[in-house]
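Since the structure comes first, as structure tokens, the remarks are kept for the end.
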Amino acid sequence: DQDHEKETLLETDRTHMWHHMSPYNPNPMIVTESQGSWITDIDGNRYFDGMSGLWCVNIGYGRQELADAAYEQMKALAYFPLTQSHVPAIHLSKKISEWLAGEYRVFFSNSGSEANEVAFKMARQYHAQRGEPGRYKFISRYRAYHGNTMGALAATGQAVRKQSYEPLAPGFKHVPPPYCYRCPYGKTYGSCNMECANAIDEMINWEGAETVAAVIMEPTITGGGVIVPPPEYLPKVREICDKHGVLLILDEVICGAGRSGRPFGHQNFGVQPDIVTMAKGITSGYLPLSATAARAEIADVFLEPGPNQHFRHLNTFGGNPAACALALRNLELIESEGLIERAEQLGHDLRSKLATLENHPNVGDIRSFGFICGIELVEDRTSKAPSAPDRVLKVISECKKRGLLIGRNGDTIPGFNNILTLAPPFSTTEEDLEFLVNVLRDVFEQL
Ligand code: PLP
């Protein structure tokens with residue numbers, strides 16, 4: 001009977017569903033239950049979720065307190081637009097500002113992509129308000145992912161994801177990432193003069209600073225292959241932006257909400273961004289919500305008299321009361337349970353346990369940032385030739401057979417989808433970590 005029910009569901013799925021990233025997925029996993037860092041499919045198979053869904057279920061699955069927060073708020077006030085105000089949004093904006101440890105004003109939307117679109121519009125209008133309407137360009141990095149909408153996808157630096165949809169929004173330029181394992185300048189860290197950061201300075205000069213609105217980047221490139229910058233990279237980028245009057249937007253959609261071992265990823269590098277975007281982990285994925293936080297001095301410019309001083313941006317659902325109440329509870333629990341420190345500790349533990357894989361002939365590099373880890377697969381450690389998709393997919397499917405879900409970097413460059421990714425929930429136990437690493441070791445032994 002259960003088999004029949006599953007078959008019926010799959011048939012309905014095949015007929016009516018259009019899955020993300022795929023036109024046709026004839027045999028999707030149908031997930032029905034979850035607890036802690038584990039999910040259960042319709043057949044009763046349990047899997048450790050090594051990717052927190054899509055890097056978002058930070059607190060872990062099955063938290064009654066979050067369901068209650070949303071439920072209670074829906075009963076009191078299910079909806080009201082943020083042209084006015086409501087209590088959960090007020091409290092949440094304060095909490096986010098506290099986590100940012102600075103004076104910020106918070107604009108709510110629904111997704112990470114939307115939060116980045118808001119940042120782009122804020123940046124352009126900020127310059128226009130201050131008499132520099134010519135500053136319209138954005139600089140981002142190759143390999144970065146910033147979202148699926150026309151602007152956020154234009155900022156994305158992954159050819160394969162963009163190809164079918166171009167031309168996207170004009171004005172987006174890309175520089176090489178701080179990818180020391182495959183330095184785009186053929187240099188070695190320590191004697192490289194940070195060419196990757198200088199590239200931003202150069203690009204601003206070539207384009208003309210008076211045409212550049214902002215630089216956008218993640219503190220660490222996550223989906224693009226866990227590319228962790230050297231410690232002085234971000235401070236140098238901040239300096240370059242300041243020199244040219246260009247805003248620095250940090251996309252904290254993945255690195256924020258405690259994932260990096262600090263409230264926000266950039267706090268590992270001692271820089272203060274002008275605009276911060278966040279989504280995913282702020283609700284731990286339980287409901288959709290995103291935010292764009294701008295430094296108060298930037299927000300203030302929009303209050304000055306002028307022909308067009310308002311930020312003319314509206315969305316119906318952004319800052320939905322239940323989503324805000326849930327996010328607030330989520331951030332409070334992450335604080336009160338010490339989960340940011342826990343994420344940092346788990347990241348260290350995972351990284352040191354993975355050291356046993358370091359000498360495997362197919363492991364080129366292991367990189368980590370907070371509780372995020374990337375394992376770069378190569379065919380040969382000397383030539384660094386990236387492993388072919390077949391081998392990477394085989395690792396992923398062998399892990400799945402053993403009850404472990406892991407990810408890999410998104411469509412970056414054809415032939416370079418060779419980085420396995422891990423970003424488990426903070427609910428992960430020592431025992432879970434042991435399980436994760438044992439499965440990986442077992443799978444690698446058979447490669
Ligand atoms: N920015 C980064 C760094 C992301 O990883 C993502 C999504 O994976 C986004 C933005 C877009 O977020 P969303 O999928 O919620 O639109």
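Which listed residue (Ala325, Ile249, Ala199) has the Cα farthest towards the positive end of the charge dipole for the stretch 64-336, taking +1 on Lys and Arg C-beta and -1 on Asp and Glu C-beta about the Cα centre? Selected residue: Ala199. What you get for the chain, charging only the Cβ of Lys and Arg (+1) and of Asp and Glu (-1), is a dipole of about 1020 debye around the Cα centre. A DSSP coil position with no more than 14 other Cβ atoms inside 10 Å describes none of the trypsin sites (Lys or Arg not before Pro) in the stretch 206-298.
Summarising the amide proton neighbourhood of Gly157: residues at separation of 5 or more, or on other chains, whose placed amide H is nearer than 5 Å comprise Arg143, Ala144, Tyr145, His146. Using a Gaussian network for the chain with springs between C-alpha atoms less than 10 Å apart, which of these wobbles most: His20, His360, His348? Result: His20 has the largest fluctuation of those listed.
Our coupling estimate for the stretch 294-303, obtained by passing each phi through the Karplus curve with A = 6.51, B = -1.76, C = 1.60 and θ = phi - 60°, is 10, 3, 4, 5, 6, 4, 4, 4, 6, 8 Hz, Gly and Pro reported as x. Projection of the Cα convex hull of the stretch 197-340, averaged over all directions and equal to a quarter of that hull's surface, yields 10.4 nm². Computed per residue of the chain from DSSP H runs no shorter than four, each worth -39500 (n - 2.57), the mean residue ellipticity at 222 nm is -11500 deg cm²/dmol. Between Asn438 and His360, residue separation times 0.36 nm minus the direct Cα-Cα distance comes to 26.6 nm. About the centre of its Cα atoms, the stretch 364-440 shows a dipole size close to 220 debye [charges on the beta carbon of Lys, Arg (+1) and Asp, Glu (-1) only; nearest 20 debye].
Percent of Cα pairs in the stretch 13-140 per distance bin of 10 Å, from zero to the largest separation: 9, 22, 31, 24, 12, 2, 0. Taking amide H as placed 1.01 Å from N in the peptide plane, the amide H of Ser290 sits under 5 Å from that of Ser109, Asn110, Ser111, Gly319, each at least 5 places away or on another chain.
Applying a DSSP loop filter and a limit of 11 other Cβ atoms within 10 Å to the chymotrypsin sites (Phe, Trp or Tyr not before Pro) in the stretch 22-113 leaves Tyr24, Tyr79.
Length, then width, then depth: along the principal axes, the Cα atoms of the stretch 64-336 run 58, 44, 38 Å. Where does the stretch 26-78 land on the Kirkwood hydrodynamic radius, alpha-carbon pairs, in angstrom? After inverting the pairwise mean of 1/r, the radius is 12.6 Å.
Readers should treat all values here as calculations from the given coordinates under stated rules, not as data from a laboratory. Note that the coordinates shown come from a computational prediction; the quantities given were computed from them, not determined experimentally. Don't worry about glycine lacking a Cβ; one is built from the backbone with ideal geometry, like all the others, and counts go over all protein chains shown.
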